[in-house]
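Participant: I have a structure I would like to understand better, so I am pasting it below and will then ask my questions one at a time.
The values are calculated or read from the model by the stated rules, or taken from the named source; none is laboratory data. None of the values given here were measured: they were computed from a predicted structure. Here Cβ is always computed from backbone atoms with ideal geometry, including for glycine, and neighbour counts include all displayed protein chains. These accessible areas exclude ligands, DNA and RNA; they are computed on the full protein's heavy atoms, side chains included. Shrake-Rupley method; radii C 1.70, N 1.55, O 1.52, S 1.80 Å.
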Amino acid sequence: MGLTPAGLKELYARQQEFPFDSERKRMSVLVHHQGGRMIYTKGAPDVLIGHCSYILWEGKVVPFTGTLRQKVMAANESMAGAALRVLGMAYREVRPEEKVADEHAAESQLVFVGLAGMIDPPRREVRDAIATCRKAGIRTVMITGDHGTTAEAIAHQLGILPRGGASLSGQQLAGMTDEQLDKQVEGIYVFSRVSPEHKLRIVKSLQRKGHVVAMTGDGVNDAPAIKAADIGIAMGITGTDVTKEASALILSDDNFSTIVAAIEEGRNIYENIRKFIRYLLASNVGEILTMFFAMMMGLPLPLVPIQILWVNLVTDGLPAMALGVDQPEKDLMEHKPRGAKENIFARRLGWKIVSRGVLIGLCTLGAFWLTLQAAPDNPGQLIKAQSVAFATLVLAQLIHVFDCRSSRSIFHRNPLQNKYLVLAVISSVVLMLVVMYVEPLQPIFKTVPLGLREWAICIVAAGIPTFLMGAGSVWGGRRNRRRMGGSGRFVPKSTKFSA
């Protein structure tokens, strides 16, 4: 329209400003224009029309009647329903003798001009990110200063507001007690026209209901709620210094999808810690029980101390570290959130450690005993049996490490997916073979080369703990799916109906 910022500043010299306020929801400026003074105001239409006595209608200033107010609000609702953020515009001339002391004096007897609709389209990836949150058991709630209709329209577009989900305005929230809010807060997905105090009440209400709350924001007004939340998240680009100081996490790209990616990364790190613990503890339980059971049965020691040290320091170490960088499982973001006080051994991890450890110990001891009984009168047979026990224990642990990658069994993940783990396992096998086949090391580690019969015993015994439990897991999963009719719902064997 041929207008420039510099030209407008010269034509309308700003003398005073009443900045936007989340309570007033409007902003005004006092300017000098063509020898006189003018007040220009913009703000939320439903709030602004309460301060307007006149309207510029068909080029004339006329009284702002009830009928005209209804037309303005109908237009506002229509624009808001199209997901537009709507601003109302108004002005008035200031009399020469009038003193504009504050915003209350400035924002009265205004002439309503019209509405301006703007849209900040959501990023394409946000809808997918919110859907991922929903699968992961994370509920996304919109808290905004926008008009309720605008907020609901955007929430529908993004998939935040489900069918049957409720919306609440700040005015309605202000009329509720904390007890009333607590009863309804879990069914509310959109809060509109809220103030900073409302945001803080919402966060605390969700916390009282037992939720772990992450709050995002960028303005100074968001700081109290961000500080009170379990995880305060500030915007790194548009966020104020106060908000960043109050937060626990700062998004460098101001992108909601980054939060979801961080949740996935956090879950994977936690699961990798569990895998690491599961592998090392099960392996050590196997070693301990091998020695314990042998002593209880009156057998010679299946392993000498230096062999145990070699297993713990060299053979176990590389695969365990490789588990720490394992890729997430495909359905990681479909699991429900774990409890904040969940034990590290929860979800049957303790049972998996003990059961695999017992089986590794028994199979190692079984391989040792079979080899020892093959030639009980041969003085060198003990060293051969110890070499078999050593190889069986190492191979059992290296097979078990692939089982640790899945929360179900070894058959549920591609064993070659983690290249670091594959390289670690190969390295561990090579290190095992070195101490068994390099002659200078054989006297030190009390080992001898093994024949085909002994290697067959080692491989079979080493595979039993992992593949036996894996087969049981697969069979149990198929049995459960048959009982649930393959649809995810339990289907009873028989159904009785009664009138």
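Participant: So, of the residues in the range 154-195 that are in contact with a Gly (Cβ under 9 Å, 6 or more places away or on another chain) and in a helix (DSSP H, G or I), which turns out to be farthest from ARG134 (Cα to Cα)?
Facilitator: Checking each candidate, the answer is GLY170.
Participant: Which of the residues that make up the range 88-103 are closer than 27 Å to ARG193 by Cβ, open to solvent by 50 Å² or more (accessible area, probe 1.4 Å) and not in a loop (DSSP other than H, G, I, E, B)?
Facilitator: Hits for the range 88-103 are MET89, GLU103.
Participant: Here's something else I'd like to know. Would you confirm whether any residue within the range 144-157 is under 30 Å from LYS336 (Cα atoms), touching a helix residue (DSSP H, G or I) at 6+ places or on another chain (Cβ under 7 Å) and open to solvent by 40 Å² or more (accessible area, probe 1.4 Å)?
Facilitator: no
Participant: Can you say whether THR392 is modelled with pLDDT of 95 or more and either more than 19 Å from MET291 (Cβ to Cβ) or in contact with a helix residue (DSSP H, G or I) (Cβ under 8 Å, 6 or more places away or on another chain) (or both), as far as the supplied structure shows?
Facilitator: So THR392 fits the description; yes.
Participant: A further question follows. Only residues that are acidic (Asp, Glu) and part of a helix (DSSP H, G or I): list them for the range 320-344, please.
Facilitator: If the condition is that a residue be acidic (Asp, Glu) and part of a helix (DSSP H, G or I), then GLU334 is the only one that fits.
Participant: I need the full set of residues from the range 16-32 which are farther than 18 Å from CYS52 by Cα and modelled with pLDDT of 90 or more, in order please.
Facilitator: Correct list: GLN16, GLU17, PRO19, VAL31, HIS32.
Participant: When the residues of the range 440-476 are filtered to those that are farther than 30 Å from GLN381 by Cβ and surrounded by 14 or more Cβ atoms within 10 Å (Cβ to Cβ), which remaining residue is modelled with the lowest pLDDT?
Facilitator: The extreme case among them is VAL474.
Participant: Separate question: List, please: which pairs have Cβ atoms under 9 Å, are six or more places apart or on different chains, and start with a residue in the range 25-40 that is on the phi > 0 side of the Ramachandran plot and in contact (Cβ under 8 Å) with a residue 60 or more places away in the chain and end with one that is open to solvent by less than 20 Å² (accessible area, probe 1.4 Å) and part of a strand (DSSP E or B)?
Facilitator: LYS25/GLY43
Participant: Right, next: All but one of (1) open to solvent by less than 60 Å² (accessible area, probe 1.4 Å); (2) more than 26 Å from ARG24 (Cα to Cα) hold for ALA234; which doesn't?
Facilitator: So ALA234 meets the others, but not (2).
Participant: Taking the range 381-419 as the search range and keeping residues that are outside any helix (DSSP H, G or I) and among the charged types (D, E, K, R), which one is surrounded by the fewest Cβ atoms within 10 Å (Cβ to Cβ)?
Facilitator: Only one residue tops the list, namely ARG408.
Participant: Mind listing just one residue for me: the one in the range 57-105 that is of a type in the set (D, E, K, R) and within 49 Å of the chain's Cα centre (by Cα) and, of those, nearest to ASP120 (Cα to Cα)?
Facilitator: Residue satisfying both the conditions and the ranking: ARG85.
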